Amino acid sequence: MPHVDAPLLSNPRAERVRAVRALTARSARQRHGRFLAEGPQAVREAVAAGAALELYATPEATDRYPEIVRDASKAWTVTDEVLAAMSDTVTPQGLVAVCPTTTADLDDVLAGRPRLVAVLDRVRDPGNAGTVLRAADAAGADAVVLTASSVDVFNPKCVRSTAGSLFHLPVVVGRSLQDVVEGLQRSGSTVLAADGTGELDLDDLADEAARGEVRAVDLRRRTAWVFGNEAAGLDDAGRSLADAVVRVPLHGRAESLNLATAAVVCLYASARAHRAGTPASTSGRTSPTV
């Protein structure tokens, strides 16, 4: 049977309910160092990672997902009305977890010599940021970095969009793009800016990697992709920091790809190239000629 630490919570105006609900606001998250994970997928991953400090579940959710409630360190049963008062969503799915806002240190990530990193600069939409984080996880990335000018990764919409991937890989926040790029370059990663104005074509790079050709920009090497703002992309300063600027080719009549779609294409191109292996002669970062 699921382990529950307290009687049914039925008062939506109770102090505990208000305290949980407050975490939907960034100021409260920063003050308390906690955030909300909502829905079965995110909460399951939070519990599996040992990150669920408190779990709140409706009776229906407790019956439907007994293993999630059973494995939680602290769990309470709540009415549908209470869960709705706690949740940021209009139609909550029966489960809410309170988790610590734990982030990774950039130096620690770099010390692990990551093969693939996604960097988000001035990305403001939480749904986009969460989707890129999920894609990075799926592509086997070693870390995701959100610069100081990007959205709060613990925003409820962002957390939902990660579908639990937030609990799978290190996430670095709060650093400037220059600090991040220079750190990645010092650690041996090639930093590629994804931008529609890029002189290099992603299809060409992928083809060259598949043929085993040694080029100045080789997707088989340790790589970090930098993705810019949804509307404006990367600014001139951001593009100039990168080792090369790469465009995703558009073969149809679409004017452009949105941020999340472009990130998926770029990250999977690197993941595919990495599966082919990295020749010893190209294991480091070189300055590309473009």
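Reported to two decimal places, what Rg/Rh ratio describes the chain when computed on Cα atoms with Rh from the Kirkwood expression? Answer for the chain: 1.05.
Amide hydrogen proximity for Glu54: with H placed 1.01 Å from N in the peptide plane, the residues at 5 or more positions away or on another chain lying under 5 Å are Val98.
Per-residue extension of 0.36 nm, minus the Cα-Cα distance of Ala231 and Ala48, leaves a gain of 62.3 nm for this segment. Here the scattering of the range 42-114 is modelled by Debye summation over its C-alpha atoms, one equal scatterer each and no solvent; at q = 0.15, 0.22 Å⁻¹ the log10 of I(q)/I(0) is -0.54, -0.89. Counting only DSSP beta bridges whose two residues both lie in the chain, roughly 25 percent are antiparallel. With both bridge residues required to lie in the range 143-290, what share of the DSSP beta bridges run antiparallel, to the nearest 5%? In the range 143-290, approximately 5 percent of DSSP beta bridges are antiparallel ones.
Taking the accessible area of the chain, probe 1.4 Å, and keeping the other protein chains in place, the carbon and sulfur fraction comes to 47%. For His251 and Asp204, the difference between the fully extended length at 0.36 nm per residue and the C-alpha to C-alpha distance is 15.6 nm.
Each of Trp225, Trp76 has its accessible area taken with a 1.4 Å probe; listed largest first, they run Trp76, Trp225. Phi-derived couplings, Karplus 6.51 cos²θ - 1.76 cosθ + 1.60 at θ = phi - 60°, listed residue by residue for the range 187-195: 7, x, 8, 7, 9, 10, 8, 8, 7 Hz, with x used for Gly and Pro. Modelled spin-label separation between Thr101 and Glu15, with each label point placed 7 Å from Cα along the Cα-to-Cβ direction: 2.3 nm.
For Glu213 and Glu60 in one chain, what is 0.36 nm times their gap in residues minus the Cα-Cα distance, to one decimal in nm?
49.4 nm
Taking the DSSP bridge list for the range 1-121 and keeping only pairs wholly inside it, about 65 percent are antiparallel.
When you work out D = kT/(6 pi eta Rh) for the range 4-70 at 25 °C and 0.890 mPa s, using the Kirkwood radius from C-alpha pairs as Rh and the Stokes-Einstein form, the result is 188 µm²/s.
Largest first, the residues Glu255, Glu81, Glu15 sort by 1.4 Å accessible area into Glu255, Glu15, Glu81. Our helix-only sum for the chain, with -39,500 (n - 2.57) per DSSP H run of n ≥ 4 divided by its residues, gives a mean residue ellipticity at 222 nm of -10500 deg cm²/dmol. Considering only Pro249, Pro170, Pro156, the Gaussian network model of the chain with Cα springs below 10 Å gives its largest mean-square fluctuation to Pro249. Working from Cα pairs under 8 Å separated by at least six residues, relative contact order for the chain is 18 percent. Calculate log10 I(q)/I(0) of the range 141-290 for q = 0.17, 0.21 Å⁻¹, where I(q) comes from the Debye formula with a single equal point scatterer on each Cα and nothing for solvent. For the range 141-290 at q = 0.17, 0.21 Å⁻¹, log10 I(q)/I(0) is -1.04, -1.52.
Accessible area per residue for the range 80-193 is 36 Å², calculated with a 1.4 Å probe on protein heavy atoms, without ligands, DNA or RNA.
For the full complex of protein chains and a 1.4 angstrom probe, list His251, His274 by accessible area with the highest value first.
Working: His251 155, His274 25 Å².
Correct descending sequence by accessible area is His251, His274.
Computed from label points 7 Å out along Cα-Cβ, the spacing between Ser176 and Asp80 is 5.2 nm. By the combined test of axial Cα extent (at least 15 Å) and Kyte-Doolittle hydropathy (mean at least -1.0), the qualifying DSSP H helices of the chain come to 126-138, 259-275.
Peptides 118-127, 256-265 ranked from most to least packed, by the mean per-residue count of other Cβ atoms within 10 Å: 118-127, 256-265.
The values are calculated or read from the model by the stated rules, or taken from the named source; none is laboratory data. These numbers were taken from a predicted model, which means no experiment stands behind them. Using ideal geometry, Cβ is built from the backbone for each residue, glycine included, and neighbour counts are taken over all protein chains shown. Calculation scope for accessible area: heavy atoms of the full protein, side chains included, ligands and nucleic acids excluded. Shrake-Rupley method; radii C 1.70, N 1.55, O 1.52, S 1.80 Å.
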